[in-house]
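Right, one structure below, let's go through it.
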Amino acid sequence: MKKIIALLGSLLVFASAIFAADPAVGLWKSIDDKSGEVTAIWRIYEENGKLFGTIAATTSDPQDVIATACKKSYKNFPIAGNVNEMRTVGTPWIFNMEKESEGNWKDGNIIDPSNGKMYGCVIKYLNKGDKNKKYTATQPTLAMAGTVGPIQVFQYWVQATEADIKDAQEKNPAKN
């Protein structure tokens, strides 16, 4: 009986390790690196071994704003349709990220829906106290890098909640 209980306990620990979400998965507030203002609430999720991110709520535009600054299409964009006719909220602007290690993703893309520019993307999860370049995380943080060739420009995003989404939606409701 003790062997069965030990085996079941081991299987439970093993299964929870396999099915535990990557620490990058969740809700995050994007922070403008110049103003320090929250620009959006993002939902980062894993699907079929790749990482994606959609804007769950905007903080300065109506929730139904269309990304008209975008091009009609982008290479490897994960959903069909004219990108310049898609809503900013709910569209996967971060896509096809490949896992490098737990909390670290690379080789994907991010599109800035406000100007339509597409960049390479690197994501690094930082625990409180972890360092990235000259930045030291004071709380769980996503170091988000838009890349052009060898140049990486980081923004540091902090965890968000469903209440943050609701607050942004109430402050900037859909127009239509």
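The values are calculated or read from the model by the stated rules, or taken from the named source; none is laboratory data. Remember, it's a predicted structure, so these values are computed and weren't measured experimentally. Neighbour counts run over all protein chains shown; Cβ positions are idealised from the backbone, glycine included. Quick note on the areas: whole protein, heavy atoms, side chains included, nothing else; ligands and nucleic acids left out. Shrake-Rupley method; radii C 1.70, N 1.55, O 1.52, S 1.80 Å.
Among the residues of region 115-137, the ones that are open to solvent by 70 Å² or more (accessible area, probe 1.4 Å) and either without any contact (Cβ under 8 Å) to a residue 12 or more places away in the chain or of a type in the set (K, R) (or both) come to 5 in all.
Just one of the listed residues (A80, A67) is surrounded by 14 or more Cβ atoms within 10 Å (Cβ to Cβ) and among the small types (G, A, S), namely A67.
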